[in-house]
Structures are given as C-alpha cells and as structure tokens.
Amino acid sequence: MLQVKVLGSGCANCQRLEREARAALDEATIEYELTKVTDYADIAGYGVMQTPALVLNEEVVSTGRVPKHEQIVTWARERA
Amino acid sequence: MSTQISHFLQPSSDRGAFALVGIIGAVGVVAYMNLKNIADWLTYTLMGLNPDSQFGEALNFFIYDVPKLLILLAGMIFLISVVHSFVDLERVREIVEKRGEGTGNVMAALFGAVTPFCSCSSVPLFIGFVGARIPLGITFSFLITSPMMNQVALVLLLGLFGWEIALLYLLSGITIGVVAGMILGRMKLERYVEDFVFNTPIPTTSESGEPVKISWRERFGGAWESTEEIVRRVWLYVIVGIGIGAFIHGFVPEDALSSVMGAGAWWSVPASVVLGIPLYSNAAGIIPIVSALLEKGAALGSALAFMMSVIALSLPEIIILRRVLKPRLLAIFVGVVALGILITGYAFNLLIG
C-alpha cells in the first residue's frame, strides 16, 4: 500500500494538499494510507524547507506548492 | 471555471505556451493603458458626474484604481512566479553556505527578496538553514528580507507610488536585512535557539535526488496557478483598501494629515511601527490606504515605516517563530528589525519629507 505523508504545520495550503491528494488517489483507485506530519523537527528531517510537501513511500515528491491532480496520480502510479 | 482556464492554458508545446502568454499579456497591456480614459468616460460622461465634485473624484479614483491594480497584480505576479521557478531553496542554501559574514548576509538578503514563502514556511526554512550549519546571522538576513519583500506589496507600491519608491522600499528592506542579520550574528545568540533545531539531521541535496528539468510550458502553467491563487486571496483586500483610499482621496482635505503623520511630528515614525505590528494579512489593503494618506500630507518615511512594520513584523509570524526561538531571542529579533525600520523611517523623513 502506498504510504502518503502530507508535511505542513496546518496552514491553508497544507489542508488543500491533503484534500487534493485524497481526491486524486481515490479517483485513481490507488490504495493508500495518509499521515499528516505537523512536527517541525520531523518536517525538517525530510530536508523540506517549504511547506506543504508531499511524501510518497518516504520520498519527497513536491515542496512549497499544491501539485495538480494528474501529477499526484502519475507520481503515485510510479511508486504503487 | 478556473480549472477550465488552467486546462486551456496548458498547450502541448513550449511555442504554444509562449504564444498564449504573449496574447494575454498584450491584451492586458492595452487594457491597462486605456484605463484612465475608460474611468473618465464612465464617471464623467456616462454618469454625468462633475469632475470637481468630491463624490465624482472618489468614484473616478476607485473605478480607475481597482482594475489597474488587479491587472498589474496578475501580470507582475505571473512574471515573478516564472522567475521563481528558477530559484531552488536548496541551491540557495548551498550558495550561501560557502560565504562568510558580510557577503553571506548580502546574498541571503538578496535571495530573501526574490524567494517567496508563506509565513507558515518560516520555521522549516529556519531549521533547514540553521540545521545545515549556516550561521544564525545569515539565516536572519534571509528571514527578515523575505516577508518584507512580499510580492504583492512590491506590486502595489509600483502601481500606486511609482518605481522610485518601490525601489527605495526594496533597497531599504535589503539593507535592514543585511545589517540586522550582521548585528544578530555578532551577538552570539545560538543558545537562545530551541535545542531541537541543532539536533535535527538535515539531508543534503545529493540524498534527496537530482533536480528535475522543467519545460517552459510547465513554468507558465505553474506561474498561472500561483497567480490565480494569490489574486484570489488578496483581491478583496485590494478593493476594500482602494475603496477607503478613494474615500480619503475625495473627502479628506489636503494637508489634513501633515500635523499627525507629517515629517514634523517626531513620534509619527515609532507610532507607525507599533501600529503596524498587529495589522498583518491586510498588507494588500493597507498600501492603497497609505498611498491616499501620503497624498494628504503624511510623510514618506512614516508611511514606509508603517508598511514595513505591517509586512515584516506580524504577530502571527512572531508566534510561529516562537517554536524555534526562545523568548529572549525572539524579543531581540523583533527589536532589531523594529529599530531598522525606525531608522529607515526617520532617514526618509529627513531626506525627502
């Protein structure tokens, strides 16, 4: 199962990223487990300096923005 | 609607993307250049208002300024976002890492000026810099300049005050960032940073993979998205701000403010700074108001100090930074930045006011 992590301290964009990721993966019927990482030390541990960031199977795929639906699905398919 | 537009804005080739951006840009420029005539025609010819009446003047100001600023905002943010697609924070960190005090501070402040980040990113950014053993002073140079050189603020300054003042604002902000960073760096404040910051292992670029190549089509697409997002977030503030500005423009007598916010009132600069701290997300709305105040006799230095304080020292950001800075360092940080703004305010009042 795909491990999805949304990195961010709870700002508006972080919530949007979570919604987008869920919507995209549900639509593509990819099985996943989503965790929110809000602790700053943990976020920094991924080497992320701009939130929100998306992590798929422990790999940072995007930082500082909310990627598009199709992009999330492509990344997910490459790793599922 | 908006998804349709961004779909439409994703032509399949780079050439198509350039053509599309060119056409939209040209339409914007033509509209922008004719706005004054359109506003005059609407208010004075169509509605038959008297150009000398207070209401006519206020309405004309509003009808002219709202589309002018929104077009300018969308256009400039698009351009800035395209530039941003070339800036990578990890690269910035690598470049700054190799410099010492002085050059490092200048580089950090310059990068801070061109790199946008929302205040919720300031903490991960701080940890990312300090955890990578970048000196505290250099990190602060970045952290001070970045919010102050807010792209929305710069665009509004450009549109309402002209390029000279926008440039003055830019240069003062960078100077404050460099000098304040150097002072903070000399003060040996590392022990007032929360301990976990130094204990966080930071993966370097080589571990987190190679940067991907981005096509122009993707750069434009991304820039369009961020433009849409920012404009959607600030348009209401801009309109309300211009509305209040229009009211002041039409109804407040000339020079009404010279005694309160003029260069002669020594306390107007510190009062502006203190007043600016609790006001935050309204940066987009505050600048049109300030521009109207300036017209009514407020001094430029006091106005600049007010804007810098609103934008660089905000309560939400101070609260967020508390996560990584112990109260003492937080207070010193706010103090040094406030002092920098004060000096800038007085300097401009003295030079121009």
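The values are calculated or read from the model by the stated rules, or taken from the named source; none is laboratory data. Here the structure is a predicted model, which means the values were calculated and not measured. Heads up, the Cβs are rebuilt from the backbone with ideal geometry, glycines too, and the neighbour counts pull from every protein chain shown. Calculation scope for accessible area: heavy atoms of the full protein, side chains included, ligands and nucleic acids excluded. Shrake-Rupley method; radii C 1.70, N 1.55, O 1.52, S 1.80 Å.
Among the helices (runs of 4 or more DSSP H) confined to the range B:283-323, the ones with at least 1 residues that are farther than 18 Å from B:A347 by Cβ, free of Cβ contacts under 8 Å to residues at least 40 places away in the same chain and within 14 Å of chain A (Cβ to nearest Cβ) are located at B:315-321. Number of residues in the range B:182-214 that are modelled with pLDDT of 65 or more, more than 21 Å from B:G104 (Cβ to Cβ) and within 14 Å of chain A (Cβ to nearest Cβ) equals 8.
Residue pairs whose Cβ atoms lie under 7 Å apart, sitting 6 or more positions apart in sequence or on different chains, and linking a residue in the range A:40-68 that is more than 7 Å from chain B (Cβ to nearest Cβ) to a partner that is in a helix (DSSP H, G or I) and among the charged types (D, E, K, R), are A:L56/A:R79; A:N57/A:R79; A:V66/A:R16; A:V66/A:E20. The residues in the range B:87-105 that are more than 12 Å from every other protein chain (Cβ to nearest Cβ) and crowded, with 20+ Cβ neighbours inside 10 Å can be counted, and the count is 3.
Can we say A:I72 is more than 13 Å from chain B (Cβ to nearest Cβ), open to solvent by less than 40 Å² (accessible area, probe 1.4 Å) and more than 12 Å from the chain's Cα centre (by Cα)? When the stated conditions are applied, A:I72 does not pass them. Out of A:V66, A:V48, one residue alone is among the aliphatic types (A, V, I, L, M), in contact with a Ser or Thr (Cβ under 7 Å, 6 or more places away or on another chain) and assigned to a loop (DSSP other than H, G, I, E, B). It is A:V48.
The residue that is least open to solvent (accessible area, probe 1.4 Å), among those in the range B:228-274 that are outside any loop (DSSP other than H, G, I, E, B) and modelled with pLDDT under 75, is B:M261. Selection within the range A:6-35: residues that are in a strand (DSSP E or B) and more than 14 Å from chain B (Cβ to nearest Cβ). The member of this set that is most open to solvent (accessible area, probe 1.4 Å) is A:E33.
Can you find even one residue in the range A:51-59 that is among the β-branched types (V, I, T), more than 21 Å from B:S226 (Cα to Cα) and out of contact with any Phe, Trp or Tyr (no Cβ under 8 Å at 6 or more places or on another chain)? No - not one qualifying residue is present in the range A:51-59.
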